[in-house]
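Novice: This is the structure I want to talk about, given as structure tokens.
Values quoted throughout were computed directly from the atomic coordinates according to the rules given, and no laboratory measurement underlies them. Predicted model only: the values in this text are computed from it and were never measured. Cβ placement follows ideal geometry from the backbone for every residue including glycine, while neighbour counts extend to all protein chains displayed.
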Amino acid sequence: MPRTCIDTADAVELAETLQLITGWLAADPAALAPSLLAYIGHPAYGLDALRADLDRFAFLLGGNDGEFLIGKDPGDPQPPALNAITGSMPSPWMPGEASGRPAAAPRGDEASG
């Protein structure tokens, strides 16, 4: 299988997005399960399976510690609050800390101004 590399900041952002979606799915399963069933069309792939897939992808990106792999619930389904001063999300690796990601480096013709 060919290897694909992504920038670390992009991997962090993707992992945070996956965690946000996972938390949202866990927040109101009674309302979301019928919608997913209508979209998928078969009960074999439900919210639990989708959350497990999203958790696994976040783990592969370094976004969680893999607790779900041994049967533990990843915990609080609520997404972390935005930092009111910086507008950044707390880092999934350092709970309660701002992610502190540096701004993306300019690419190609953007670097020359």
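Novice: Which one, F57, A15, G46, projects farthest toward the positive side of the charge dipole computed for segment 9-65 from Cβ point charges (K/R +1, D/E -1)?
Specialist: G46
Novice: Order the peptides 54-62, 25-33 from the highest to the lowest mean number of other Cβ atoms within 10 Å of their residues.
Specialist: 54-62, 25-33
Novice: Given the convex hull of the Cα atoms of segment 9-65, what is a quarter of its surface area in nm²? Mind showing how you got there, number by number?
Specialist: Values: hull surface 15.9 nm².
Taking a quarter of the hull surface, the average projection is 4.0 nm².
Novice: With a point put 7 Å past each Cα toward its Cβ, work out how far H42 is from W24 in nm, to one decimal.
Specialist: For the pair H42/W24, the computed spacing is 2.6 nm.
Novice: Still on this model: Between F57 and L32, what length in nm is gained on full extension when 0.36 nm per residue of separation is reduced by their alpha carbon distance?
Specialist: Here the segment from F57 to L32 would lengthen by 6.9 nm.
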